[in-house]
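Values quoted throughout were computed directly from the atomic coordinates according to the rules given, and no laboratory measurement underlies them. Being a predicted model, the structure only gives us computed values, none of them experimental. With ideal geometry, Cβ positions are generated from the backbone for all residues, glycine too; neighbour counts draw on all protein chains shown.
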Amino acid sequence: MKTKSLIFAICFIFGMQVKAQSPFMHLDSKQGFLGGGFGVTWIDNKPYYSMHLFPEFAFSNFGVGFDLNLEFDAEGNVRTENFNEFSDYLSIIRYVRYGYKGDPVYARLGALDYATLGHGSIMYMYNNSPSYDTRKIGLAFDADFGTVGFESIYSNFGEAGVVGLRGYFRPLQFTKLASVPIIGGFEVGATYVTDFNQFAGVLSGGIDPATNNFKASLDDGSVTAYGFDIGLPVIKTSIAKLELYLDYAKFVDFGSGVSYGAIFNLNGLGLVDLRAKLERRINGDHYIPAYFNSLYEIERFKYNNSNGTVSSKVQQLQSATSVGNGFYGELLVRVLGTFNILGSYQRLDDHPKSGILHLTTDISPKNASFVARAGYDKINIQDEKDLFTLDDRSYLFAELGYKPLPYLIVSLVYNWTFTPLRDADDNVIDYIPQKKIEPRISFVYPFDM
């Protein structure tokens, strides 16, 4: 008992930083930080003693981030969901990257946070690991050669998953019009995305009593979408950029849609940076814009064992009729490099449960004595009362802390996430909400390499 009490006391005093890197933070060349510690985590009101290491390093255009998380119950047993798949061991290396999204060459292996292809009509803010208990190793690889280029995504090397590719070219770059300020940057692109996961097209099924595994009774197979887009940079200076675009997207064996809009970027010389996007969506029957979104891995397939029902994203696609058109808006604001907020929202004209919200904020000035950061996603929002209720359509990370020393953060973290349910063959057949509350004292030491 004395040993357990000592472990509990140490774990309570030394919390840890689970959120490895803010989505707004880029390590500069030859920078890194060491982070880690010990802590106690309440998962669905049950305490687990924790050890976490999350260093990150950057040198030249390369970067690597690690994420080792061990959770022990009161008997000293490691929580099995942390290491019950081979990918769980690989995901200790959270990512290896070259460059950043938007650079001439960009590659990232590991966790893919909010990946987008093109203007996002088919894939927008896709997250391959919305559940910490089922982390995946994916790949994003982009290259821009000036006249032509491509963006690509593969979601999961552990099993069949989502594959996406967008190729584009700037046809006027091959002519004498290449130097004309506006039309010279005219761009044409084509996108192809498919999901090869075994549950991607499941419409119905149940548990086979002979094997205790899920067996589909109606399965459309892989879900595939393709699209075409054009973009015209109306303004392109070192301070401001304005692009107009038009997208067409089509799901094989289902419907199609069109979207058009504008993207505006303002570089306020370090004072105020702004990115705004406004889009009108024209939706046909059996069509869902941005189908592969931040919670797609959760929505793809769920089997409710208590009542024997299946709910899947392809069911939504099949039943999407008379949903009407809609608007999508996005705003990113950075103030003095210390205050960052990103928000986006979708609402369809004639569909009462079509709201999709994404919020991310990071208020943690370098020399300030506090940190505040949060990320929130909610889908199928019906009205304002439904906006911030936490359920199986929500994902939330929030941390509020104080820095008694430059490299020490005393904070409280709340995480509303998901944990998987598996069949006899260890296939994930459902996700259920999981609440995690963590008091922490985090150690984060930045350094130059």
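Observations, loosely collected:
- Relative to the current alpha-carbon distance between Thr211 and Trp42, full extension at 0.36 nm per residue lengthens the span by 57.4 nm.
- Anchor Lys353: aspartates and glutamates whose Cα lies under 17 Å away (excluding residues fewer than 8 positions away in-chain): Asp285, Glu299, Asp377, Asp383, Glu384, Asp386, Asp391, Asp392
- Length released on extending from Leu412 to Ser60, taking residue separation times 0.36 nm less the Cα-Cα span: 123.3 nm
- On full extension, the segment bounded by Ser238 and Ser319 gains 24.6 nm, given 0.36 nm per residue less the C-alpha separation.
- The share of alpha-carbon pairs in the stretch 303-449 lying farther apart than 26 Å comes to 45%.
- Out of every Cα-Cα pair that the stretch 365-449 contains, those further apart than 23 angstrom amount to 45 percent.
- Pair Glu159, Leu218: separation of 7 Å Cα→Cβ label points (nm): 2.3
- Separation of alpha-carbon centers, the stretch 191-230 and the stretch 124-175, rounded to whole Å: 21
- Kirkwood estimate for the stretch 174-259, i.e. one over the average of 1/r between Cα atoms, Å: 16.7
- Equivalent ellipsoid semi-axes, the chain, via Cα gyration tensor eigenvalues times 5, rooted, Å: 36, 30, 20
- The modelled label-to-label distance for the pair Glu75/Thr175, using points 7 Å beyond Cα in the direction of Cβ, is 7.4 nm.
- FRET efficiency for the Ile182 to Asp253 pair, using the beta carbon distance and R₀ = 51 Å, is estimated at 0.85.
- Whether the stretch 263-362 is rounded, prolate or oblate, judged on the alpha carbon gyration tensor where a/c under 1.5 counts as rounded: oblate
- Environment charge at Phe251 (Cβ cut-off 13 Å; Lys +1, Arg +1, Asp -1, Glu -1): -2
- Look at where the Cα atoms of the stretch 378-449 and of the stretch 46-79 average out, and the two centres are 15 Å apart.
- Sorting 149-159, 343-353 by average packing, meaning the other beta carbons within 10 Å per residue, from highest down gives 149-159, 343-353.
- Cross-link table Lys366/Lys435; Lys46/Lys403; Lys136/Lys378; Lys250/Lys385; Lys136/Lys435, entries beyond 24 Å C-alpha to C-alpha: Lys366/Lys435; Lys46/Lys403; Lys250/Lys385
- Sequence of Met123, Met51 once ranked by neighbouring C-beta atoms within 10 Å, starting from the fewest: Met51, Met123
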